[in-house]
Amino acid sequence: MDQTSENNHLEHISTAMYKLRDYVLHVLSFLLYRFTRSLIVTFQKFTWAVSGVEKICRDARRGLQFRQSAHVLDIFWKRKFLPHTIADPKDFIATHSCFKHPNYVLKPNVSLYCMTKTDAIFIEVAEGANLYKHQHNKYLYETQFEHAKKIVMMPLASFHKIASDVGNPKVPVLWISSTGRCGSTLLGQVFYRIPGMLLLSEPDSITNLGNLYKSKELQKGEYEQLLASAVRLLCKPDDRYSMMCIKVRPSMTRLSEEIAHMFPQIRQLFMYRNSLKTVLSYLTILQTDPAYQAMRFIMDHKVLSTILPFFRTGLYNYYANFNAKEIESIKPSNLSTVGIFTAAWAAGVSRCVEYREKGLPIIPILYEDLMKNPMQSCLVLFTKLDIRKEYVSLAAEAFKVDYQKSSVLGQGLLPPDSRRAIPPEGRVEADSILKKYGLHKLGERFEIPGLMRFE
């Protein structure tokens with residue numbers, strides 16, 4: 001027995017050492033990538049200046065080269081530190097290929113990837129490939145990064161012009177916002193099963209704009225104009241699809257108000273779940289990998305979190321910052337992981353409550369209610385959204401698949417008394433945050449005004 005125990009112990013040590021080696025190699029390879037990229041970008045400034053590429057790019061930004069303002073570059077190396085990192089032009093090292101008319105981005109194999117203060121960045125996949133077919137149980141930014149062959153950079157003036165030419169969406173569009181870890185991926189897959197439906201799951205061009213506006217790098221007018229143009233080009237005409245569904249990242253609920261004003265024809269849904277189960281699901285993510293476990297240990301340690309406050313503020317900015325209301329007593333650097341995920345849930349839900357009270361036609365959906373009777377839920381939902389009822393049985397098949405295998409979405413995966421999974425001081429912190437947002441205590445059922453009834 002002792003020999004078996006010792007062997008197991010040695011096996012665990014060996015596994016830990018292999019994982020540590022993999023993490024070190026991953027970090028080193030990413031640092032090498034970034035260093036190489038900086039060298040190449042510096043070198044390109046010189047070669048592009050000599051070859052005339054830089055002059056065309058500069059003139060395009062001034063509006064003097066509209067017909068050549070789509071700058072196509074060939075990708076020869078791409079790297080992200082983490083798979084779910086928000087899309088960024090720095091994800092790629094690319095070399096000049098050619099200049100094209102802005103209409104180039106209307107090709108079916110070109111899609112909007114991300115936004116900066118000066119450019120819109122599109123990615124191009126192989127000719128004839130359907131990027132959206134790869135989206136089953138994947139996010140758009142993930143699929144785009146994986147299959148990208150070229151990038152297309154376009155100055156904002158040309159971006160707005162081509163978006164204006166495209167105009168507002170020509171097909172019905174659904175917009176899903178959520179608190180995260182609440183079944184929003186499942187809801188997206190319900191719609192994905194409808195014939196002719198295009199699902200765009202978490203397009204990061206939208207995320208970029210929200211973050212740029214929150215950090216005050218964009219003025220309100222610029223932000224609204226860019227958001228409208230981004231939506232128009234995400235919903236560009238495509239003969240393969242007769243309906244669209246855009247599911248944004250959980251941190252982007254605040255966009256719902258602008259979307260409602262700019263595109264009143266877009267039908268909006270807000271998906272949320274019991275606050276305790278949502279927080280527990282987020283905490284479960286932090287137990288799936290030793291690196292995440294170490295991150296949580298640092299954030300929940302009084303001394304280490306004081307020395308390294310950027311772990312807390314970084315996580316808060318990623319999940320809660322854009323939706324958060326200005327509550328002086330809530331300071332990200334003072335929040336534990338429980339507090340951060342509670343604040344993320346509270347910020348999203350309170351935004352939906354606010355918009356409902358303003359009269360915006362957002363339909364709140366509670367996960368626990370949706371799951372009681374999938375067939376009935378789909379029937380009620382499709383009736384509300386004017387979707388043909390003949391697709392209900394197809395859509396209900398989505399409930400048979402676990403789209404978040406690492407989550408605790410199923411009631412059976414939660415402890416019998418799940419409040420005990422969070423320490424008493426964590427519950428006190430969570431309840432305090434929820435009270436400041438005017439919401440119920442952790443774990444108590446909260447109904448947003450206008451909640452969809454599936455009976």
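From the list Leu269, Leu218, Leu276, Leu233, which residue is in a loop (DSSP other than H, G, I, E, B) and modelled with pLDDT of 95 or more?
Details: Leu269 fails: in a loop (DSSP other than H, G, I, E, B); Leu276 fails: in a loop (DSSP other than H, G, I, E, B); Leu233 fails: in a loop (DSSP other than H, G, I, E, B).
Being in a loop (DSSP other than H, G, I, E, B) and modelled with pLDDT of 95 or more holds for just one of Leu269, Leu218, Leu276, Leu233, which is Leu218.
How many residues are surrounded by fewer than 24 Cβ atoms within 10 Å (Cβ to Cβ) and among the polar types (S, T, N, Q) if we restrict to the stretch 338-359?
Looking only at that region, the number is 1.
Being surrounded by fewer than 18 Cβ atoms within 10 Å (Cβ to Cβ) and β-branched (Val, Ile, Thr), is that true of even one residue in the stretch 89-97?
Yes, the stretch 89-97 has at least one match.
Among (1) over 20 Å from Ser201 (Cβ atoms); (2) outside the structural domain of Tyr355 (by TED's automatic domain parsing), there is one condition Ala291 misses while meeting the rest; what is its number?
(2)
What pairs come out if I take residues in the stretch 30-56 that are under 20 Å from Ala70 (Cβ atoms) and pair them with residues that are β-branched (Val, Ile, Thr) and not in a helix (DSSP H, G or I) whose C-beta lies under 8 Å away, six or more apart or interchain?
Within 8 Å, the pairs are Gln44/Thr95.
Of all the residues that make up the stretch 114-172, how many are among the polar types (S, T, N, Q) and part of a loop (DSSP other than H, G, I, E, B)?
5
Out of all the residues in the stretch 187-197, is one or more within 20 Å of Thr85 (Cα to Cα) and in the same structural domain as Gly348 (by TED's automatic domain parsing)? Before the answer, list the steps.
Just the residues of the stretch 187-197 that are within 20 Å of Thr85 (Cα to Cα), to begin with: none.
The answer is no, given that none of the residues of the stretch 187-197 is within 20 Å of Thr85 (Cα to Cα) and in the same structural domain as Gly348 (by TED's automatic domain parsing).
Collect the residues in the stretch 173-210 that are more than 26 Å from Asn274 (Cα to Cα), in contact with a strand residue (DSSP E or B) (Cβ under 7 Å, 6 or more places away or on another chain) and in a helix (DSSP H, G or I), keeping them in residue-number order.
Residues satisfying the conditions are Asp204, Ser205, Asn208, Leu209.
Residue by residue through the stretch 68-85, note down the ones that are buried (at least 17 other Cβ atoms within 10 Å of the Cβ) and either under 16 Å from the mean Cα position of the chain (by Cα) or not assigned by TED's automatic domain parsing to the domain that holds Tyr113 (or both).
The answer is Lys80, and nothing else.
Out of all the residues in the stretch 236-266, which are assigned to a strand (DSSP E or B) and surrounded by fewer than 22 Cβ atoms within 10 Å (Cβ to Cβ)?
Answer for the stretch 236-266, where residues must be assigned to a strand (DSSP E or B) and surrounded by fewer than 22 Cβ atoms within 10 Å (Cβ to Cβ): just Met243.
Going by the conditions given, is Thr313 modelled with pLDDT of 95 or more, hydroxyl-bearing (Ser, Thr, Tyr), within 20 Å of the chain's Cα centre (by Cα) and crowded, with 22+ Cβ neighbours inside 10 Å?
no
Return the total of residues in the stretch 32-75 being modelled with pLDDT of 95 or more, of a type in the set (D, E, K, R) and not in a helix (DSSP H, G or I).
Residues in the stretch 32-75 being modelled with pLDDT of 95 or more, of a type in the set (D, E, K, R) and not in a helix (DSSP H, G or I): 1 in total.
Among the residues of the stretch 319-348, count how many are touching a helix residue (DSSP H, G or I) at 6+ places or on another chain (Cβ under 8 Å), part of a helix (DSSP H, G or I) and touching a residue at least 24 places away in the same chain (Cβ under 8 Å).
13
I'd like the full set of residues that are surrounded by fewer than 11 Cβ atoms within 10 Å (Cβ to Cβ) and at pLDDT 95 or above, limited to the stretch 390-416.
Listed by number, the list holds a single entry, Glu390.
Take the stretch 86-101 and flag every residue that is farther than 16 Å from Leu212 by Cβ and either part of a strand (DSSP E or B) or touching an Asp or Glu at 6+ places or on another chain (Cβ under 9 Å) (or both).
Phe92, Ile93, Ala94, Thr95, His96, Ser97, Cys98, Phe99, Lys100
The values are calculated or read from the model by the stated rules, or taken from the named source; none is laboratory data. Since the structure is predicted, the reported quantities are computational estimates derived from the model, not experimental observations. Neighbour counts are summed over all protein chains in view; Cβ atoms, including those assigned to glycine, are modelled from backbone coordinates with ideal geometry.
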